[in-house]
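The values are calculated or read from the model by the stated rules, or taken from the named source; none is laboratory data. From a predicted model like this one, the values you see are computed outputs, not experimental measurements. We place every Cβ from the backbone using ideal geometry, glycine too, and count neighbours over all the protein chains shown.
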Amino acid sequence: MNSSGLTSARVKAYCRLLPILIICYMVAYVDRNNVAIAKLNMVQDLKLFDERVFGFGIGVFFWGYMLLEIPGTVLVERWSANKWICRIMVTWGVIAALTAFVQTPMHFYIIRFLLGVAEAGFFPGVIVYLTHWFPQRDRSRVLAVFFIATPIAMMLSPIISQSVLFYGSTEVINGEEINYPKLWGLDGWQWVYIMWGIPAVLIGALLPFILPDYPKDAKWLNPDERQALEQELEREKLSQHDQKHTSVLHGLTNPRILILTLIYFGAVAANYGVEGFLPTILKDWYKLTSTQAALLTIAPSVLVLIGQLGIGWSSDHFQERRWHAAIPIALGSIAFLVAPFTQGNLWLTMICFMVAAAGMKAYMPAFWALPSLFLTSVAAAGSIGLINSFGNLGGFVGPMLLGSIKESTQSYDAGLYALAALSGMSVILLLVLPLHTDEKKDST
């Protein structure tokens, strides 16, 4: 085998493919979560919207998301990754922009459900797509780099969104009421949805031309590089046929995959619960302006970025997965419990929510390596769709739970305790998860 050709092919794939996929994931993440920023001013115009409506609307996205997760993953494998991801991005961009024109709670629910349907299959599709390009030894590191899209999106979204959020709104600053004009007849919260929907459509339309499905389709690989990479991937594929537990059906029916789904459910519920309501919580606790609350939400993303890269590196370095996934979630769960007691001290509150956000994100590189401890890559890839599909229903439960408790109790405290309980469940399940194998095995 041409080792120099393989090395240069891997480097080129890193440099050519990962930036594109990271940008796609950033836009996807913003389009599903920018409601947290937009809702700061939506309530001024849409009087029928309360915390329960927002909580249900934020979460109903994941019911639509669940429907096409596994079929979408199969299409990436059997049809075309770039064409399927193109379809996903164009449709979700259009639907995300249409959120600007909702008028009733039912409009909001329908558009959020359709947004979930449109985006379904993107995340597991990318995971499968990466197996077409990267040998096993590279995949966990590639995944860790791919995951940094979320904290980067969390940083950029408030900065860019707040630049238009104030249009058409009213704020009280130093006791003086200030009315901002609309922009082209639309309020700022409407522009938040529109301005983030457009990039999804434009980038999606370019994907068939810039994202080759397989190494054989990449004109930027020379013949030696292409041959070396294809031979390495084929060698791994053939070797897997001689191993046990390689079928997709085995992956989907393995009891430990069902436990991983519950673990992911609890962590996702806590994550989306706090992401969907953090700007509102800060505004409510400290009487901040919408702009101030939006900008403060950038701080947790900094710790998320550090945590994801650190856990990803450490987990690979020590070849340990369970504790690298459990400890971040446990710290996040504790932060949820402590946060209500910090009211009155903004800096302590921010520290708690930074730790909570980091805990609910930093575990992911280690978590997604867990299936490879007891399944070979083919079965592990099949299980990703199941874990992501049903686990992401936590994204429905978390926001709905927090919003409903707030409406019932007029306080976020009990809702934060509920998120701590859900994430705490994930920690317990991680610690008792039967692996029946050497946890120090290289899962890449």
Q: Please work out which one of (1) assigned to a helix (DSSP H, G or I); (2) modelled with pLDDT under 85 is the condition residue 401 fails and give its number.
A: (2)
Q. Looking at the stretch 203-217, which of its residues are farther than 13 Å from residue 89 by Cβ and in contact with a Lys or Arg (Cβ under 7 Å, 6 or more places away or on another chain)?
A. 215, 216
Q. Somewhere in the stretch 64-71, is a residue among the aliphatic types (A, V, I, L, M), crowded, with 23+ Cβ neighbours inside 10 Å and part of a helix (DSSP H, G or I)?
A. no
Q: Scan (1) in a helix (DSSP H, G or I); (2) within 24 Å of residue 168 (Cβ to Cβ) for the single condition residue 20 breaks and write down its number.
A: (2)
Q. Do we find a residue being surrounded by fewer than 14 Cβ atoms within 10 Å (Cβ to Cβ), modelled with pLDDT of 90 or more and among the hydrophobic types (A, V, I, L, M, F, W, C) anywhere in the stretch 240-256?
A. no
Q.
Condition first: at pLDDT 85 or above, closer than 20 Å to residue 206 by Cα and in contact with an Asp or Glu (Cβ under 8 Å, 6 or more places away or on another chain). Can you find one or more residues in the stretch 94-107 that meet it?
A. yes
Q. Mind checking which pairs have a first residue in the stretch 260-284 that is over 15 Å from residue 420 (Cβ atoms) and a second that is charged (D, E, K, R) and in a helix (DSSP H, G or I), Cβ under 9 Å, 6 or more apart or different chains?
A. 276/39; 279/39; 280/39; 280/51; 280/406; 284/406
Q. Does residue 76 satisfy being β-branched (Val, Ile, Thr), within 22 Å of residue 192 (Cα to Cα) and surrounded by 18 or more Cβ atoms within 10 Å (Cβ to Cβ)?
A. no
Q) Taking the stretch 307-338, which residues are outside any helix (DSSP H, G or I) and either touching a Leu at 6+ places or on another chain (Cβ under 8 Å) or within 21 Å of residue 150 (Cα to Cα) (or both)? A) 321
Q: Find all pairs meeting these conditions: Cβ atoms under 8 angstrom apart; at least six residues apart or on different chains; first residue within the stretch 114-140 and over 24 Å from residue 92 (Cβ atoms); second residue in a helix (DSSP H, G or I) and among the acidic types (Asp, Glu).
A: 135/232; 135/236; 136/236; 140/316
Q: Could you figure out which of (1) closer than 28 Å to residue 31 by Cβ; (2) of a type outside the set (D, E, K, R); (3) modelled with pLDDT of 90 or more isn't true of residue 279?
A: (3)
Q: Hey, could you check the stretch 118-156 for residues that are of a type outside the set (A, V, I, L, M, F, W, C) and in a loop (DSSP other than H, G, I, E, B) and say which is modelled with the highest pLDDT?
A: 132
Q | Pick from the stretch 404-423, criterion within 20 Å of residue 332 (Cβ to Cβ) and small (Gly, Ala, Ser), ranking: surrounded by the most Cβ atoms within 10 Å (Cβ to Cβ) | A | 423
(Q) Can you tell me which condition residue 168 does not meet? The list is (1) touching an Asp or Glu at 6+ places or on another chain (Cβ under 7 Å); (2) over 30 Å from residue 306 (Cα atoms); (3) in a helix (DSSP H, G or I), and all the others hold. (A) (3)
